[in-house]
Every structure is written in structure tokens, then in C-alpha cells.
Amino acid sequence: CNMIKLSEILFEIKWAPDTDSNVTEEAKQFAVIMDKLAIELGYPEPVITSGLRLNDRQIRAMFDIWRNEGSDYLIKLYAVDCKSCSKSAGTIVRMLADKWDSQTRFIPKKAIKALGMADKFYKSGEEVLNQFPEGISAHKDGKALDYGLVSNKPNQINHLLEEIRKRGLAEFEEINETKLDNDGNHRAGSHKHVTVYSITSKGLNYLEEG
């Protein structure tokens with residue numbers, strides 16, 4: 001345990017501003033492994049753009065996805081793609097999409113924030129999410145990390161995750177939430193979502209080496 005703490009000091013985890021860093025010990029260890037690998041491979045140390053996310057933060061994240069990508073994308077992401085999401089995820093996300101869609105019959109989604117109406121959508125969304133104590137995402141339990149394209153190119157994040165898997169350093173789920181605009185550039189908010197299940201004995205040994 002002391003050696004893990006030493007590694008956390010040697011490889012300081014980088015959190016984006018306003019990111020809640022109260023994640024599980026396994027998630028912190030995973031972040032340190034990412035940092036150590038990045039240095040080994042000559043990459044910048046990755047910045048974590050989302051950690052612990054309780055209902056208020058979760059709703060804001062889902063609202064932005066719904067507003068920018070639409071209900072079908074939101075439902076597929078949480079009900080199909082996300083294997084680490086709660087058993088109620090499909091029910092929750094469909095309830096949210098129905099609720100928000102009903103609130104925008106005469107309002108373009110893109111205009112909601114400009115019209116100062118976002119708080120109404122946050123409130124109605126939280127009312128739905130609060131009905132499910134288990135939540136929807138592994139972020140609620142501090143088991144998930146989002147790596148935004150802040151300090152690293154997408155191929156670098158991909159390479160780091162591939163190396164962790166290839167070397168057997170951790171068990172985790174990865175969801176690609178990167179999106180391109182019409183010009184082929186990554187859109188704001190693009191990131192790699194990682195749910196950390198466990199750090200293997202090889203992963204702990206890798207941390208101890210530092």
C-alpha cells in the first residue's frame with residue numbers, strides 16, 4: 001500500500017478543473033498506470049476530465065449528449081454500449097429521453113441554453129434519476145474515469161489503453177465517446193470513458209517498480 005502511495009506522489013494524477021477526484025483506489029491506481037505508461041512511451045501525462053459524478057453532474061453530462069447528439073444516440077450509449085452501467089440504465093435513459101423530448105416540442109435543442117432554460121431540463125432529469133438509488137453510470141461509485149482530448153491525441157490515449165490491456169495490468173471497460181465535426185476535427189467533449197474493474201497483480205507490480 002505504501003508503495004502505491006509513493007507511485008501516486010511520483011506520478012501525480014492530472015485532473016481537469018472542477019473535476020471531482022474522489023474516485024476508488026483502483027481508479028486512482030489505473031490513472032497512475034496511465035501516467036507512468038505515458039512517460040515511458042514519450043507522451044504527455046493524460047488529463048482526467050471526469051471522475052466521481054453524482055446525480056447533478058451526471059444529468060448535466062447526459063443533457064449535453066442529448067442536446068448535441070439526440071435521443072437515439074443517448075439511449076444507445078447508456079442502454080447498449082455501456083456494459084458497466086446499472087441494470088436500470090435502459091429504463092432510466094429512455095425515461096430521460098422521453099421527458100426531455102416532450103419539453104422540446106417547440107424549442108430547438110441547440111437553443112435551450114441560449115434561452116436560459118437549461119435549469120428546467122436539469123431539474124426534470126434529476127427527478128428521473130433520483131428515483132433510482134443505484135444511479136446509471138459507474139461514475140456515481142467513483143469507478144469510472146473520462147480521458148478528454150485535452151493533453152493527448154486520440155491515438156495516444158488508444159495506445160495507452162491498448163498497452164494496459166496487452167500487458168495485463170488492469171481489467172476495465174472502454175467506451176469511445178469521441179465525435180468528429182463536419183471538418184473531421186474532434187468535437188468539444190470528446191473523450192474515452194474507462195470503468196475500472198480491478199488492478200491485476202501485474203499492474204500492482206508495475207506500480208511498485210516506480
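Just a few scattered comments:
- Answer from Thr178, Thr195, Thr104 - the residue that is β-branched (Val, Ile, Thr) and touching a His at 6+ places or on another chain (Cβ under 6 Å): Thr178
- Residue that is modelled with pLDDT under 90 and either on the phi > 0 side of the Ramachandran plot or open to solvent by less than 10 Å² (accessible area, probe 1.4 Å) (or both), where the choices are Gly184, Gly203: Gly184
- Looking across Leu161, Leu129, one residue alone is within 30 Å of Ala38 (Cα to Cα), surrounded by 13 or more Cβ atoms within 10 Å (Cβ to Cβ) and at pLDDT 95 or above. It is Leu161.
- Considering Phe121, Phe106, the condition of being open to solvent by 90 Å² or more (accessible area, probe 1.4 Å) and either in contact (Cβ under 8 Å) with a residue 12 or more places away in the chain or among the aromatic types (Phe, Trp, Tyr) (or both) is satisfied by Phe106 alone.
- Cβ-Cβ distances below 8 Å connect the following pairs, each with a first residue in segment 143-156 that is open to solvent by 50 Å² or more (accessible area, probe 1.4 Å), a second residue that is acidic (Asp, Glu), and a separation of six or more residues or different chains: Lys143/Glu26.
- Within segment 30-81, being open to solvent by 40 Å² or more (accessible area, probe 1.4 Å) and part of a strand (DSSP E or B) holds for one residue alone: Thr49.
- Filtered residues of segment 9-29 (kept if over 30 Å from Val128 (Cβ atoms) and surrounded by fewer than 20 Cβ atoms within 10 Å (Cβ to Cβ)): Ile9, Leu10, Glu12, Lys14, Glu25
The values are calculated or read from the model by the stated rules, or taken from the named source; none is laboratory data. Quick caveat: nothing in here was measured; it's all calculated off a predicted structure. Neighbour counts run over all protein chains shown; Cβ positions are idealised from the backbone, glycine included. Calculation scope for accessible area: heavy atoms of the full protein, side chains included, ligands and nucleic acids excluded. Shrake-Rupley method; radii C 1.70, N 1.55, O 1.52, S 1.80 Å.
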